[in-house]
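**Q** Provided herewith is a single structure, encoded as structure tokens, for subsequent inquiry.
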Amino acid sequence: MNPSVCIVTPGYLSSTPRVVKEADALQAAGMAVRVVHTWGGLDRKRRHDRDLLQGKDWAVDTVKWSPDRLGELGTYVRYTAQRRLARWMPTELWPATHVAEQVQHRVYPALARRVAQEPADLYIGHYPAGLAAAAHGADQNGALLGYDAEDYHVGQQPDNQPRIERTDFLERRYLSECAHVTAASEGIASALADRYDIDPPLVVHNMFPWAERETLDEKTKDREGEALSLCWFSQAVGLNRGLQDAIRAAGLLDAPVQLHFRGGLPDEVERKLTSVAEESGVAEQLHFHAQVPPDELLSRTAEHDVGLALEQGHTPNRALCVTNKLFYYPLAGLAMAATDVPGQRRLLEGHAAFSGLYDPGDPEGLAAVLRRWTDCDALTEAKTSALEIAQTTWNWEQERKKLVDQVSRVLAAERSWLLEKE
């Protein structure tokens, strides 16, 4: 019988590409994969999930909790009330209860029960709430436990002491039980090993399949003309994302340039960024775009010339992480301008052929990087180099081998132990 793996995440699948790629890789390696996740009330995310799941061979189990749907209202009301009560409970109760887990995620009890309903050989959690739910499934079914650290979660909100304490408690509670641990960057792996006194997790970067380039539609929907085109994307456009630096840097260039920012855009943020663009003399070159489905994002990104990776390093997590953009831009065939923060520096050092680093908050430093690519020949060379590394090294087809090898070894070792025990 093929080994079975249950992957757990507390959110939407379209917001957690590591879960999807992990499931694809393990399923392709001959394992039976089941993914358990939740749906809140965001219709757009539900649509993206449905599109994403087209053609997937692995099983999906969804915990639904929306206040706007009659069939899900009971779940929402019940667990919202439980969570509010749990927030009032003293932290001294955490070790003997699952109060911390309930506070961490609204529908944790429902997620944990759903995870445990079907046996698996290995349960892999994403995010602290997913780790806790996976641990419940592993405990109930006498199985192995794993964890994928997509971020340095304890360092995401350094000013939120209650969240830090809760995240630390959950990771400390369950990491010691894990037979399999992966992390999204070298910095995150080192930080987890130091904090929790565990072996350094296996680093599995959040790379993307080279095969995704087959989905390129070759259309130009956003770019306007031949001026050097800079792009940036995220779930939300904000004022703490380094975008002001990009706008000011564009204003310092002598050559024509255009800026394209994609993501959810609050009105106040749009007003402030537009004001910066007006002050910098590039208001006409600034363009905002709504989010697109995951299967269209590569096409829209590939229209441009330079991808912007503007991490500010304001939190320990953002300093250590390696974001999706660092692998997505080369896959799209873009040169890359990135802030010189530890996670990005560690990855991009030695790759000056298609990337350049500058200090956060230094528009002139960013402008100096961009000036390299106002020369058409230099830009062509950079974009060619980016595509080459995406094709040969920085792709999921190569990176997933590390994940599959470790999971296979962990499962094989457990089976050998059980056979010896018999």
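**Q** For the chain, build the charge dipole from Cβ charges (+1 Lys, Arg; -1 Asp, Glu) around the Cα centre, then report which of Gly30, Gly40, Gln117 sits farthest towards its positive end.
**A** Gln117
**Q** While we're looking at this one, here's another question. What is the sum of charges, Lys and Arg at +1 and Asp and Glu at -1, for the other residues whose Cβ falls under 12 Å from the Cβ of Pro360?
**A** -2
**Q** Heavy atoms only, probe 1.4 Å: what % of the accessible area of the chain goes to carbon and sulfur, would you let me know? The partial results should precede the final answer.
**A** On the way: 8950 of 18520 Å².
The computed percentage sits at 48.
**Q** Tell me the accessible surface of Asp362 in square angstrom (1.4 angstrom probe, heavy atoms of protein chains only), to the nearest ten.
**A** Ignoring ligands and nucleic acids, Asp362 comes out at about 60 Å².
**Q** Any idea how far apart Ala412 and Gln117 come out in nm if each label point goes 7 Å out from Cα toward Cβ?
**A** According to this spin-label approximation, the distance is 3.4 nm.
**Q** DSSP loop GluC sites (Glu not before Pro) in the stretch 1-95 with at most 14 other Cβ atoms within 10 Å of their Cβ, which ones?
**A** Filter output for the stretch 1-95: empty list.
**Q** Taking +1 at the Cβ of each Lys and Arg and -1 at the Cβ of each Asp and Glu, which of Thr301, Leu320, His287 sits farthest along the dipole of the stretch 287-402 towards its positive end, judged by Cα position relative to the Cα centre?
**A** Final value for the positive-end residue is Leu320.
**Q** Next question. Using a Förster distance of 60 angstrom, determine the FRET efficiency expected from the C-beta separation of Arg87 and Ser275, and round it to 0.05.
**A** Between Arg87 and Ser275 the formula returns 0.95.
**Q** Determine the distance separating the Cα centre of the stretch 128-175 from the Cα centre of the stretch 230-268; give it in Å without decimals.
**A** 34 Å
**Q** Considering the chain as a Gaussian network with a 10 Å cut-off on Cα pairs, which listed residue, His304, His314, His136, attains the greatest mean-square fluctuation?
**A** Highest fluctuation of the listed residues: His314.
**Q** Pick from Tyr123, Tyr174, Tyr147: which residue has the top mean-square fluctuation in a GNM of the chain where Cα pairs under 10 Å get a spring?
**A** Per the Cα network of the chain with a 10 Å cutoff, Tyr174 tops the list.
**Q** So for Glu171, Glu118, what's the accessible-area order with a 1.4 Å probe, most first? The partial results should precede the final answer.
**A** On the way: Glu171 0, Glu118 90 Å².
Sorted descending by solvent-accessible area, the residues read Glu118, Glu171.
**Q** Report the Cα-based extents of the stretch 314-422 along its three principal axes, largest first, to the nearest Å.
**A** Principal extents (Cα only, largest first): 68, 32, 19 Å.
**Q** Ok, one more. Of Leu273, Ala255, Trp232, whose Cα points farthest to the positive end of the dipole of the stretch 231-278 (charges on the beta-carbon: +1 Lys, Arg; -1 Asp, Glu; origin at the Cα centre)?
**A** Of the listed residues, the answer is Trp232.
**Q** Out of (i) 61, 55, 44; (ii) 72, 46, 40; (iii) 76, 48, 41, which label holds the value of Cα extents along the principal axes in Å that was computed here?
**A** Answer by label: (ii).
**Q** Continuing with this model, one more query. Counting other Cβ atoms within 10 Å of each Cβ, which GluC sites (Glu not before Pro) in the stretch 194-263 have at most 10 and sit in a DSSP loop?
**A** On the way: sites: Glu212, Glu214, Glu218, Glu224, Glu226; in loops: Glu218, Glu224, Glu226.
Those satisfying the criteria are Glu218, Glu226.
**Q** Please work out the average accessible area per residue across the chain, using the 1.4 Å probe convention, and give it in Å².
**A** 44 Å²
**Q** Just to be sure I understand: with springs between alpha-carbon atoms less than 10 Å apart, which residue in Met336, Met207, Met31 has the highest mean-square fluctuation in the Gaussian network model of the chain?
**A** Residue with maximal mean-square fluctuation among Met336, Met207, Met31: Met31.
**Q** Right, something else. Going through the stretch 18-89, which trypsin sites (Lys or Arg not before Pro) have at most 16 other Cβ atoms within 10 Å and a DSSP loop state?
**A** Lys56, Arg69
**Q** Under a no-solvent Debye model with one identical scatterer per Cα of the stretch 94-240, what's log10 I(q)/I(0) at q = 0.10, 0.14 Å⁻¹?
**A** Debye curve over Cα of the stretch 94-240, log10 I(q)/I(0) at q = 0.10, 0.14 Å⁻¹: -0.47, -0.78.
The values are calculated or read from the model by the stated rules, or taken from the named source; none is laboratory data. Since the structure is predicted, the reported quantities are computational estimates derived from the model, not experimental observations. Cβ atoms come from the backbone with ideal geometry, glycine included; neighbour counts cover every protein chain shown. Each accessible area value is taken on the protein alone, full model and side chains, heavy atoms only, with ligands, DNA and RNA left out. Shrake-Rupley method; radii C 1.70, N 1.55, O 1.52, S 1.80 Å.
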